[in-house]
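Before any comments, here is the structure.
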Amino acid sequence: MARGRARYQKGRVVSTENGGWEIHYNVYLTDSVTGKPQRHHRSRVVGRAPKMRKAEAESILAAELAAINGGPITRPADGTISFGEWMKNFYIPMRGSNWRDATWRSNQDYLQTHIYPLLEYVALKDITKFQVQMLLNRYQPSNKPLLAVDGSVGPSTCTAIETFIASRMLVCAEPVIRPASPELEALNGGSVDRIAWGGVVDAAFKARVTSISLELQVAVDFLMAAIAFESAGTFSASVPNAAGSGAVGLIQFMPATARGLGTTTAALAAMSATQQLDYVRLYFLPYSGRLHTLEDVYMAILYPAAIGKGASHVLFSSGTTAYQQNAGLDTNKDGSVTVGEAAAKVRQQHDRGLAAPHLG
C-alpha cells in the first residue's frame with residue numbers, strides 16, 4: 001500500500017495502567033488494488049510518568065503528526081543526521097518506553113560516558129559494514145578466530161552478530177545490525193574513534209595510521225597489532241631487531257626492504273614514528289584491498305606469498321631450514337608451522353591493545 005493524502009488530525013495521548021504515556025493516531029494508506037484509502041490505527045508507548053510529563057508525550061505526538069498532516073517535519077532527511085541526534089530525538093523517545101528503570105539508567109549512563117563523547121556527532125551514513133566487522137572483532141573471545149574485515153556479510157559475520165546481540169543486548173532484538181539501531185549503539189562501546197594501542201601513541205600517529213588504514217582498506221586494529229608485535233610494543237621508529245638481523249622500526253624494515261622503498265634503515269631510524277608511517281604505507285600499498293584478516297596483515301610482513309591462504313595454510317615443514325629457524329612457532333609440535341600459528345602472538349597483541357589502558 002502507498003501513503004494516501006494527508007488528513008489533518010490531532011491524535012491523542014492516554015495514560016496506560018502501568019503509568020506509561022501512549023500516543024494514538026491514524027495513517028491513511030491507498031490500497032494498490034482498489035485505489036481507495038484505508039485507515040490504519042497506530043499506537044505506542046513513548047515514555048513513563050513521572051520521568052516524562054504528558055506535555056512531553058504530546059510533543060512527540062505532534063512531531064510525528066506534523067509529517068502525516070502535511071506540515072513541516074522536525075528534521076529533513078538530508079543524510080547528515082548524527083548518531084547522537086537520532087538517538088536523543090528519535091530512538092530513545094520511541095524505544096526507551098520499553099526499558100525498565102534499571103535498564104534506562106544503565107543505558108543512559110553508558111551513552112553519556114562511553115558513546116556520546118565519541119560518536120555523538122558522527123553521521124549515521126558514515127558507519128559502514130567494514131566498521132561493524134572491525135567493532136565485532138573487539139568482542140571476539142581470544143579463543144575464537146577474528147572476522148575477516150572485508151565488508152562482506154557472510155556466515156561468520158552473521159554468527160558474530162547473533163552472538164553479540166545474545167550476550168550484550170538488554171532488550172529483545174533481531175539478529176541484525178542496522179544503521180541507527182540499538183544493536184549498533186551497543187556495538188559502538190568499542191568506538192571507531194578509539195583504536196587498538198591508540199592509548200600509547202600521540203594524536204598525530206593515531207590520525208595518520210587511521211588514514212593509512214582507510215586507504216589500504218585494512219582494519220586499523222589489525223595494522224596496530226602488527227606494529228605492536230614487530231616493534232615489541234614500543235611503537236618506536238628506531239627499535240632494532242632483537243636477533244640482530246639489521247631490521248629496524250615499526251614493522252622491522254630489513255636493509256634490502258628499505259632500499260626498495262628508496263631509503264635506508266639508518267634514515268628510517270632517524271625519523272619520528274609518525275614520519276615512518278609513510279614508509280609503512282609504501283610497504284603495504286601493493287597489498288591494498290587484500291588484507292582482510294589479521295593473518296593477512298602479518299603475512300604481508302613475514303611471508304607475502306601466504307596472503308589470503310587462510311590460517312591453516314602451512315608455511316614451513318619439518319626437515320627444512322626455514323622450519324628449523326621458525327620451530328618455536330610450531331605450538332602443537334606437529335612438524336609444521338601454519339599461518340595461524342605464526343600470527344598467534346600478533347593476535348595476542350591485538351587483544352591486549354583493545355584492553356585498558358591501551359585502547360584509545
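Return the pair list, or none, for Cβ contacts closer than 6 Å from residues in the range 246-272 that are in the same structural domain as Ala225 (by TED's automatic domain parsing) to residues that are among the acidic types (Asp, Glu) and surrounded by 22 or more Cβ atoms within 10 Å (Cβ to Cβ), at least 6 apart or on different chains.
Ile251/Glu230; Gln252/Glu230
Name, by its number, the condition in (1) buried (at least 16 other Cβ atoms within 10 Å of the Cβ); (2) more than 21 Å from Asp296 (Cβ to Cβ); (3) at pLDDT 90 or above that does not hold for Ile165.
Only one criterion is unmet by Ile165, namely (3).
Condition check: assigned to a loop (DSSP other than H, G, I, E, B), in the same structural domain as Gln217 (by TED's automatic domain parsing), touching a residue at least 12 places away in the same chain (Cβ under 8 Å) and farther than 27 Å from Arg194 by Cα. Does Gly289 satisfy that? Lay out the reasoning, then the answer.
Values: assigned to a loop (DSSP other than H, G, I, E, B): yes; in the same structural domain as Gln217 (by TED's automatic domain parsing): yes; touching a residue at least 12 places away in the same chain (Cβ under 8 Å): yes; farther than 27 Å from Arg194 by Cα: no.
No.
Looking at Ile251 and the list (1) in a helix (DSSP H, G or I); (2) crowded, with 16+ Cβ neighbours inside 10 Å; (3) under 25 Å from the mean Cα position of the chain (by Cα), which single condition is not satisfied?
Just one mismatch for Ile251, condition (1).
Run down Tyr25, Tyr91 and say which single residue is modelled with pLDDT of 70 or more, aromatic (Phe, Trp, Tyr) and surrounded by 13 or more Cβ atoms within 10 Å (Cβ to Cβ). Walk me through it before giving the result.
Working: Tyr91 fails: modelled with pLDDT of 70 or more.
None of the others qualify; the one that does is Tyr25.
Results for (1) in contact (Cβ under 8 Å) with a residue 60 or more places away in the chain; (2) within 20 Å of Pro304 (Cβ to Cβ), shown as yes or no for each residue.
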residue: Gln325; (1), (2): no, yes
residue: Gly328; (1), (2): no, no
residue: Asn332; (1), (2): no, no
residue: Val337; (1), (2): no, yes
residue: Glu341; (1), (2): no, yes
residue: Val346; (1), (2): yes, yes
residue: Asp351; (1), (2): yes, no
residue: Ala355; (1), (2): no, no
residue: His358; (1), (2): yes, no
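Quick test of your reading of the structure: Thr263 fulfils all but one of (1) of a type in the set (Val, Ile, Thr); (2) under 27 Å from the mean Cα position of the chain (by Cα); (3) farther than 27 Å from Asp150 by Cβ. Name the failing condition by number.
(2)
Of Ala258, Ala242, which residue is part of a helix (DSSP H, G or I), aliphatic (A, V, I, L, M) and over 24 Å from the mean Cα position of the chain (by Cα)? Step through it out loud before you land on a result.
Details: Ala242 fails: part of a helix (DSSP H, G or I).
Answer to the check: Ala258.
Go through (1) modelled with pLDDT of 80 or more; (2) touching a strand residue (DSSP E or B) at 6+ places or on another chain (Cβ under 6 Å) and name the single condition Tyr121 misses.
All conditions pass for Tyr121, except number (1).
On the given criteria, is Ala66 outside the structural domain of Asp109 (by TED's automatic domain parsing), assigned to a helix (DSSP H, G or I) and at pLDDT 75 or above? Show your work before the answer.
Working: outside the structural domain of Asp109 (by TED's automatic domain parsing): yes; assigned to a helix (DSSP H, G or I): yes; at pLDDT 75 or above: no.
No, not satisfied.
From the list Ala226, Ala232, Ala273, exactly one residue is of a type outside the set (Lys, Arg) and either modelled with pLDDT under 95 or surrounded by fewer than 17 Cβ atoms within 10 Å (Cβ to Cβ) (or both). Which is it? Can you show your working first?
Details: Ala226 fails: either modelled with pLDDT under 95 or surrounded by fewer than 17 Cβ atoms within 10 Å (Cβ to Cβ) (or both); Ala273 fails: either modelled with pLDDT under 95 or surrounded by fewer than 17 Cβ atoms within 10 Å (Cβ to Cβ) (or both).
When all the criteria are applied, what remains is Ala232.
The values are calculated or read from the model by the stated rules, or taken from the named source; none is laboratory data. These numbers come from a predicted model, not from an experiment. As a convention, Cβ positions derive from the backbone with ideal geometry for all residues, glycine included, and neighbour counts pool all protein chains shown.
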